[in-house]
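Worksheet: the structure to be examined is printed underneath.
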Amino acid sequence: MRASGFAFLCVLLLAGACRTRVAGYPRDYYAGMSFTAIPGVGLAAEGGKVVRRTDRYDLALEGQIVRHFWDDTDFADDDLGDPGRMTAVRFGARQALSPGSKRHATFRYGFQFYRATGQPGIVDDPGDYYGFYASAGFETELSRHWSMGPEISVAVLEGEGSLPTEVVPTFFWRFVFWP
């Protein structure tokens, strides 16, 4: 009797692991907005297209623009000079694991252009930087058309000219619309 119960449990687990995507999938295009923080505070806009779809993951190519228009001096002036602003443009890939499930991990990676002005905070010197980013996040499907979730990103950026190499973390809280 115990062996048949174990076999029944295995069949249920396998059936769940092989389930098809939830209703409304696959989705091909998306656009999103993000609240973003570190080194400043601002917003980001993104868009992408799914280019590869498997049972285990969806791979999309995407572009994103990030603008930090507030920094710590906008909330409490520390008399350290001109506040820094940051603008980043990113091109890369988004990989979503377990596509079609209500919650899934996401990974992003690609190329980034970064411009820092004033006293930019985490970045030591103002100027233009180029490099690569990688991030890990988690998304929850709110409905057929909306998903949201947090993400932590780290960029390794080489400064133009005599500017040093910088490592810049950034936090995102994404809201994604799937038409």
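The figures follow:
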quantity	calculated
Rounded accessible area per residue of the range 90-144, 1.4 Å, Å²	46
11 Å beta-carbon shell around G110, net charge (K/R +1, D/E -1)	+2
Packing-based ranking, highest mean first, of 157-170, 129-142 given that Cβ atoms within 10 Å are counted	129-142, 157-170
Neighbourhood charge, 9 Å Cβ-Cβ cut-off, centred on A155 and excluding it, Lys, Arg +1 and Asp, Glu -1	0
Loop-located trypsin sites (Lys or Arg not before Pro) in the range 24-56 whose Cβ has at most 15 other Cβ within 10 Å (DSSP)	R56
Charge dipole (the range 32-179, unit charges on Cβ, about Cα centre) - positive-most of L97, I38, Y130	L97
Net charge over other residues, Cβ less than 13 angstrom from the Cβ of G127 (K, R count +1; D, E count -1)	-4
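The values are calculated or read from the model by the stated rules, or taken from the named source; none is laboratory data. Note that the coordinates shown come from a computational prediction; the quantities given were computed from them, not determined experimentally. Note that each Cβ is placed from the backbone with ideal geometry, even for glycine, and that neighbours are counted across all protein chains shown. Accessible surface areas use protein heavy atoms only, side chains included; no ligands, DNA or RNA. Shrake-Rupley method; radii C 1.70, N 1.55, O 1.52, S 1.80 Å.
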